[in-house]
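The values are calculated or read from the model by the stated rules, or taken from the named source; none is laboratory data. Treat the numbers as computed from the prediction; the structure is a model and nothing was measured. When we count neighbours, we look across all protein chains shown, and the Cβ atoms used for this are built from the backbone with ideal geometry, even at glycine. Accessible surface is based on the protein model in full, side chains and every heavy atom, while ligands, DNA and RNA are left aside. Shrake-Rupley method; radii C 1.70, N 1.55, O 1.52, S 1.80 Å.
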Amino acid sequence: MLAAFSSPAWADPSPTYAQLLARLDQTPVATEARALEEAAEARVRQARVRPNPTVSLEAENMLGSGPFSGFGAADTTLSVSQDLELFGRRGARIDAARADANTAALRRNLANVDAAGRLALVYAEAEAAQRRADLADETLTLTLADTRAALVLVEEGREPLLRGIQGESEAAAARAAADEAQAERDAAFARLTAVAQLPAPVTSVPASLLDRPPVSAPSASEGPPALRVAEAEREAAERRIAVERVRARPDISATVGVRRFEAENANAFLFGLSMPLPLFDRNRGNIDAARAEYNAAEARLAGARLDAQADRAAAEARLAASASRVRAADAGVSSAEEAYQLSRIGFEAGRISQLELRATRNALVSARTAAVDARLARVRAEIDLARQDGRAPFEGPQ
């Protein structure tokens, strides 16, 4: 019963990376991007709607004095006015709304790609922390075994007492390193639980992402998502210039109505056009502001083009280098394991000193740590390249 209560009931292994990726649209970042896209689409629908007509009712020449007392001489007018939206006003408004909606859609794609990259990184860091904790536990086991062997030699008089004290000190350091690695592992599991929006805390990562080879995918012909967003922002800024230019032109309204002359017991129709006189406000400030925003968007696009070229070249170079680093690290681990086994046999036979055994053990620990670091670097390089391709890491083109 004690063991049942000591292990938490909420302890769950993490779902696989593919399973977490499938439910990525449920994360707050994806939900926010989807809501912003829906808002932009709603503005497009609103931009297509024509303005409402204005209905007015006027009464003149009544409730005065003399012949205008009462309502007998009243003139009553019922009219309807409609904004004609001339000079392409409606079309410019719709084009600007469509450009904003296109930008929102591309931003949603970029947000999904960034969210997938963050998920892959947090997942890989959790797995790496788990491997480092396991490595620290294994190192502690090896250190304790070496320390016991050294103490046996000290008791037999084949090693000085100093070797036993050094062994106990190394064991204490290894125990502290194991505790630290476990704390880092728990922190990485907590980050994975939060980023993946899991209902229960993660206690292990059973499916490996560090060992998965990177995906060889062709580069996107339309460019990375960040570049496409910058292009869409530039186009939207250009559309807003057209909107402000149209607003500078007169806003003409047409009026049609009927007038009732009570004194003559007669009716008459009326027609009219109205427009503001552009004497003071010609919308020049808004036009200049829209042009300045377009220049800023053009500058961001130029910077995005340069960054895209540099980032892709750097990502490809880092990925190639990390792949070579993984192969070299694996070879180093094999050599270090063999060296440690031989040195352990030689130490127990009395042909190798404790210092040499410690050196080979430290080399083995360093080699295994380097192998984990190399795989984590390969994951980071794959994340950077996937962002340039507009896809989720370790997944094909979307």
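Of all residues in the range 36-58, those being small (Gly, Ala, Ser) and either surrounded by fewer than 12 Cβ atoms within 10 Å (Cβ to Cβ) or part of a strand (DSSP E or B) (or both) number 1.
ASP179 meets each of the listed conditions (1) assigned to a helix (DSSP H, G or I); (2) at pLDDT below 90; (3) surrounded by fewer than 18 Cβ atoms within 10 Å (Cβ to Cβ) apart from (2). The test for being open to solvent by 30 Å² or more (accessible area, probe 1.4 Å) and either on the phi < 0 side of the Ramachandran plot or in a loop (DSSP other than H, G, I, E, B) (or both) does not hold for ALA237.
Tell me, yes or no, whether the range 206-222 has at least one residue that is assigned to a helix (DSSP H, G or I), open to solvent by less than 80 Å² (accessible area, probe 1.4 Å) and over 30 Å from THR76 (Cα atoms). Walk me through it before giving the result.
Our first condition is that a residue be assigned to a helix (DSSP H, G or I); within the range 206-222, this holds for none.
So far as the range 206-222 goes, no, none of its residues is assigned to a helix (DSSP H, G or I), open to solvent by less than 80 Å² (accessible area, probe 1.4 Å) and over 30 Å from THR76 (Cα atoms).
Within the range 358-383, the only residue that satisfies the criterion of being touching a residue at least 60 places away in the same chain (Cβ under 8 Å) and in contact with a Gly (Cβ under 8 Å, 6 or more places away or on another chain) is ILE383.
Residue-wise test of (1) on the phi < 0 side of the Ramachandran plot; (2) open to solvent by 10 Å² or more (accessible area, probe 1.4 Å).
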site: THR76; (1), (2): yes, yes
site: GLN82; (1), (2): yes, yes
site: GLU85; (1), (2): no, yes
site: ALA92; (1), (2): yes, yes
site: ASP95; (1), (2): yes, yes
site: ALA104; (1), (2): yes, yes
site: ALA111; (1), (2): yes, yes
site: ALA115; (1), (2): yes, yes
site: ALA128; (1), (2): yes, no
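Of the residues making up the range 318-370, those that are under 35 Å from the mean Cα position of the chain (by Cα), closer than 24 Å to ALA171 by Cα and open to solvent by 30 Å² or more (accessible area, probe 1.4 Å) are SER366, ARG368, THR369, ALA370.
Determine whether the range 341-351 contains at least one residue that is within 30 Å of ASP100 (Cβ to Cβ) and not in a helix (DSSP H, G or I). No - not one qualifying residue is present in the range 341-351.
Residues in the range 164-202 that are closer than 26 Å to VAL122 by Cβ, out of contact with any Asp or Glu (no Cβ under 9 Å at 6 or more places or on another chain) and not charged (D, E, K, R): ALA177, ALA183, ALA187, PHE189, ALA190, THR193, ALA194, VAL195, ALA196, GLN197.
Among the residues making up the range 257-273, a single one is touching a Leu at 6+ places or on another chain (Cβ under 7 Å) and either of a type in the set (A, V, I, L, M, F, W, C) or over 25 Å from ASP83 (Cα atoms) (or both): VAL258. Would it be correct to say that PHE269 is aromatic (Phe, Trp, Tyr) and in contact (Cβ under 8 Å) with a residue 24 or more places away in the chain? The answer is no for PHE269. Scanning the range 226-233 turns up no residue that is farther than 16 Å from VAL113 by Cβ and of a type in the set (Lys, Arg). The residue of the range 273-288 that is farthest from GLU382 (Cα to Cα), among those that are assigned to a helix (DSSP H, G or I) and in contact (Cβ under 8 Å) with a residue 12 or more places away in the chain, is ARG284.
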